[in-house]
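Student: First, the structure itself, so that you have it in front of you.
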C-alpha cells in the first residue's frame with residue numbers, strides 16, 4: 001500500500017477508494033435519490049466540500065449524475081457542478097443509516113469547474 005495515503009483510505013485498481021471505520025461501501029444500485037439528495041460531500045481529507053442538490057436519473061431508473069452545490073449559504077450563492085455519480089463513493093454506517101458521500105477532489109477544484117445551470 002502507498003505510504004502517502006492516510007489510514008482511512010486506500011487505492012484500488014488505481015482509483016482512490018475511501019474507507020471509514022464503522023461504515024461499508026454502498027453499491028449504487030442499492031441507493032435511491034432520497035438516500036443521497038441533500039447529503040454532505042466530503043473531500044479526500046474528510047473536509048466538507050459541498051452538498052448534493054439534485055440527482056439525475058437515466059431511463060433505466062439508475063442515478064447517472066449528481067448536481068453538487070459548492071460554497072454559498074443555505075443554497076444562496078452556491079456554485080453548482082454536474083458530476084458523474086460513479087465519481088462519488090457512498091458509505092453507509094454498518095449499524096445504522098448514516099450515509100457519507102466522498103469525492104476525490106477539493107473544494108477549490110469544484111469551484112473551478114463550469115457552473116451547471118438547471
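Student: Among the residues of the range 26-55, which ones are exposed (fewer than 13 other Cβ atoms within 10 Å of the Cβ) and either over 25 Å from residue 117 (Cβ atoms) or touching a helix residue (DSSP H, G or I) at 6+ places or on another chain (Cβ under 9 Å) (or both)?
Tutor: Of everything in the range 26-55, those that are exposed (fewer than 13 other Cβ atoms within 10 Å of the Cβ) and either over 25 Å from residue 117 (Cβ atoms) or touching a helix residue (DSSP H, G or I) at 6+ places or on another chain (Cβ under 9 Å) (or both) turn out to be 27, 29, 30, 32, 45, 47, 48.
Student: Right, another one. Within the group 67, 63, which residue is surrounded by 11 or more Cβ atoms within 10 Å (Cβ to Cβ) and over 19 Å from residue 107 (Cβ atoms)?
Tutor: Every option except 63 fails the conditions.
Student: Any residue in the range 70-79 that is under 14 Å from residue 37 (Cα atoms), in contact (Cβ under 8 Å) with a residue 24 or more places away in the chain and part of a strand (DSSP E or B)?
Tutor: No, there is no match, as no residue in the range 70-79 is under 14 Å from residue 37 (Cα atoms), in contact (Cβ under 8 Å) with a residue 24 or more places away in the chain and part of a strand (DSSP E or B).
Student: Tally up the residues in the range 31-45 that are touching a strand residue (DSSP E or B) at 6+ places or on another chain (Cβ under 9 Å), without any contact (Cβ under 8 Å) to a residue 40 or more places away in the chain and over 15 Å from residue 82 (Cα atoms), please.
Tutor: Qualifying residue count, the range 31-45: 2.
Student: If you go through the range 75-86 one residue at a time, do you hit one that is out of contact with any strand residue (DSSP E or B) (no Cβ under 6 Å at 6 or more places or on another chain), exposed (fewer than 15 other Cβ atoms within 10 Å of the Cβ) and under 23 Å from residue 22 (Cα atoms)?
Tutor: Looking for residues that are out of contact with any strand residue (DSSP E or B) (no Cβ under 6 Å at 6 or more places or on another chain), exposed (fewer than 15 other Cβ atoms within 10 Å of the Cβ) and under 23 Å from residue 22 (Cα atoms), one finds at least one in the range 75-86, hence yes.
Coordinate-derived values only; no laboratory data. Quick caveat, the model's predicted, so the values are computed rather than measured. Neighbour counts run over all protein chains shown; Cβ positions are idealised from the backbone, glycine included.
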